[in-house]
1. I'm trying to understand the selection: among the residues of the stretch 48-97, which are small (Gly, Ala, Ser) and either more than 15 Å from THR17 (Cα to Cα) or touching a residue at least 60 places away in the same chain (Cβ under 8 Å) (or both)?
2. Which of the residues spanning the stretch 48-65 are surrounded by 13 or more Cβ atoms within 10 Å (Cβ to Cβ) and either outside any loop (DSSP other than H, G, I, E, B) or among the charged types (D, E, K, R) (or both)?
3. Is it true that ASP63 is acidic (Asp, Glu) and at positive phi?
4. Considering each residue of the stretch 55-77, count those that are over 16 Å from TYR95 (Cβ atoms) and at pLDDT 90 or above, and give that number.
5. Take the residues of the stretch 36-47 that are in a loop (DSSP other than H, G, I, E, B) and within 15 Å of THR79 (Cβ to Cβ): which is nearest to the chain's Cα centre (by Cα)?
6. Quick check on the stretch 15-47: of everything there that is touching a strand residue (DSSP E or B) at 6+ places or on another chain (Cβ under 6 Å) and of a type in the set (Ser, Thr, Tyr), which residue is surrounded by the fewest Cβ atoms within 10 Å (Cβ to Cβ)?
7. Determine if the stretch 15-23 includes at least one residue that is modelled with pLDDT of 95 or more, of a type outside the set (Phe, Trp, Tyr) and in a loop (DSSP other than H, G, I, E, B).
8. Return the residue satisfying two criteria in turn: it lies in the stretch 86-107 and is out of contact with any helix residue (DSSP H, G or I) (no Cβ under 9 Å at 6 or more places or on another chain), of a type outside the set (D, E, K, R) and outside any helix (DSSP H, G or I), and of such residues it is farthest from LYS51 (Cα to Cα).
Amino acid sequence: MKSERRDTPRIPITLDTILNYNNQNYQHSTTRDISLDGAFIDTKGSKPPKKGIMELAIKLPTDGAPKYHRFHAQIVRTTDNGAALLFDRVDTDSYAALLDLVFSRQGRGLW
(Lines give C-alpha, C1' and ligand atoms only; values in the text may rest on other atoms or scores of the structure.)
Protein backbone atom coordinates (compact mmCIF):
# COMPACT_ATOMS: atom_id res chain seq x y z
CA MET A 1 0.00 0.00 0.00
CA LYS A 2 1.31 3.47 -0.91
CA SER A 3 1.84 5.84 1.96
CA GLU A 4 0.43 9.35 1.72
CA ARG A 5 3.14 12.01 1.68
CA ARG A 6 0.82 15.00 1.93
CA ASP A 7 0.05 16.66 5.23
CA THR A 8 -3.58 17.18 4.24
CA PRO A 9 -5.98 14.76 2.51
CA ARG A 10 -6.44 14.80 -1.26
CA ILE A 11 -9.93 15.45 -2.55
CA PRO A 12 -10.62 13.78 -5.93
CA ILE A 13 -12.30 16.56 -7.90
CA THR A 14 -12.25 18.00 -11.39
CA LEU A 15 -11.92 21.80 -11.44
CA ASP A 16 -11.36 24.10 -14.40
CA THR A 17 -7.76 25.31 -14.36
CA ILE A 18 -5.64 27.66 -16.45
CA LEU A 19 -1.89 26.93 -16.50
CA ASN A 20 1.09 29.16 -17.23
CA TYR A 21 4.61 27.70 -17.25
CA ASN A 22 7.77 27.93 -19.35
CA ASN A 23 6.55 31.26 -20.76
CA GLN A 24 4.03 29.38 -22.89
CA ASN A 25 0.59 30.67 -23.74
CA TYR A 26 -2.04 30.02 -21.13
CA GLN A 27 -3.37 26.48 -21.36
CA HIS A 28 -6.81 25.31 -20.20
CA SER A 29 -6.71 22.20 -18.06
CA THR A 30 -8.38 20.44 -15.13
CA THR A 31 -7.40 19.15 -11.73
CA ARG A 32 -7.66 15.47 -10.84
CA ASP A 33 -7.37 16.09 -7.13
CA ILE A 34 -6.60 18.93 -4.76
CA SER A 35 -5.53 19.42 -1.15
CA LEU A 36 -4.54 22.38 0.99
CA ASP A 37 -0.92 21.68 -0.01
CA GLY A 38 -1.21 21.17 -3.76
CA ALA A 39 -2.96 19.55 -6.69
CA PHE A 40 -2.52 17.09 -9.50
CA ILE A 41 -3.32 18.68 -12.85
CA ASP A 42 -3.85 17.29 -16.34
CA THR A 43 -1.27 18.78 -18.70
CA LYS A 44 -2.93 17.37 -21.85
CA GLY A 45 0.13 15.61 -23.19
CA SER A 46 2.68 18.39 -22.65
CA LYS A 47 5.17 17.52 -19.95
CA PRO A 48 6.30 20.43 -17.76
CA PRO A 49 9.82 20.29 -16.35
CA LYS A 50 10.17 18.54 -13.02
CA LYS A 51 11.11 20.97 -10.26
CA GLY A 52 9.86 23.88 -12.37
CA ILE A 53 7.55 26.66 -11.24
CA MET A 54 3.96 26.98 -12.45
CA GLU A 55 1.38 29.71 -12.08
CA LEU A 56 -2.19 28.53 -12.23
CA ALA A 57 -5.74 29.78 -11.80
CA ILE A 58 -8.24 27.28 -10.40
CA LYS A 59 -11.99 27.87 -10.55
CA LEU A 60 -13.23 27.41 -6.98
CA PRO A 61 -16.71 28.01 -5.57
CA THR A 62 -16.63 31.37 -3.77
CA ASP A 63 -19.68 32.79 -2.01
CA GLY A 64 -21.95 30.57 -4.08
CA ALA A 65 -20.42 31.45 -7.46
CA PRO A 66 -17.34 29.96 -9.14
CA LYS A 67 -14.34 32.27 -9.36
CA TYR A 68 -10.76 31.80 -10.55
CA HIS A 69 -8.11 31.95 -7.81
CA ARG A 70 -4.38 32.27 -8.49
CA PHE A 71 -1.75 29.93 -7.10
CA HIS A 72 2.00 29.66 -7.56
CA ALA A 73 3.33 26.13 -7.29
CA GLN A 74 6.45 23.99 -7.49
CA ILE A 75 6.21 21.02 -9.86
CA VAL A 76 7.25 18.02 -7.77
CA ARG A 77 6.41 15.12 -10.08
CA THR A 78 5.43 14.68 -13.72
CA THR A 79 3.78 11.88 -15.67
CA ASP A 80 2.85 11.53 -19.33
CA ASN A 81 -0.56 13.03 -18.53
CA GLY A 82 -0.07 15.43 -15.67
CA ALA A 83 1.92 17.07 -12.93
CA ALA A 84 1.84 17.00 -9.14
CA LEU A 85 2.13 20.50 -7.71
CA LEU A 86 3.04 21.83 -4.28
CA PHE A 87 1.59 25.27 -3.62
CA ASP A 88 4.27 27.72 -2.52
CA ARG A 89 2.53 31.12 -2.64
CA VAL A 90 -1.18 31.54 -2.11
CA ASP A 91 -2.98 34.77 -1.29
CA THR A 92 -5.45 34.92 1.59
CA ASP A 93 -8.63 34.91 -0.52
CA SER A 94 -7.47 31.95 -2.61
CA TYR A 95 -6.49 29.96 0.48
CA ALA A 96 -9.85 30.73 2.16
CA ALA A 97 -11.71 29.45 -0.94
CA LEU A 98 -9.53 26.34 -0.99
CA LEU A 99 -10.17 25.73 2.72
CA ASP A 100 -13.93 26.02 2.18
CA LEU A 101 -13.80 23.56 -0.72
CA VAL A 102 -11.63 20.95 0.99
CA PHE A 103 -13.55 20.96 4.26
CA SER A 104 -16.95 20.92 2.52
CA ARG A 105 -15.91 17.80 0.54
CA GLN A 106 -14.32 15.76 3.34
CA GLY A 107 -16.33 12.74 4.34
CA ARG A 108 -18.59 12.80 1.27
CA GLY A 109 -16.92 9.86 -0.40
CA LEU A 110 -16.97 9.67 -4.18
CA TRP A 111 -18.93 12.13 -6.28
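The values are calculated or read from the model by the stated rules, or taken from the named source; none is laboratory data. Please read these numbers as outputs of a predicted model, since none were measured by experiment. We place every Cβ from the backbone using ideal geometry, glycine too, and count neighbours over all the protein chains shown.
1. Within the stretch 48-97, GLY52, GLY64, ALA65, ALA96 qualify.
2. ILE53, MET54, GLU55, LEU56, ALA57, ILE58, LYS59, LEU60, PRO61, THR62
3. yes
4. 5
5. Step one: of the stretch 36-47, the residues in a loop (DSSP other than H, G, I, E, B) are 36-37, 43-47.
Pick out the ones that are also within 15 Å of THR79 (Cβ to Cβ) and you get 43-47.
Details: THR43: 12, LYS44: 15, GLY45: 17, SER46: 17, LYS47: 16 Å.
Selected residue: THR43.
6. Checking each candidate, the answer is TYR26.
7. Checked against the condition, which is being modelled with pLDDT of 95 or more, of a type outside the set (Phe, Trp, Tyr) and in a loop (DSSP other than H, G, I, E, B), the stretch 15-23 yields at least one hit.
8. Going through the qualifying residues, I end up with GLY107.
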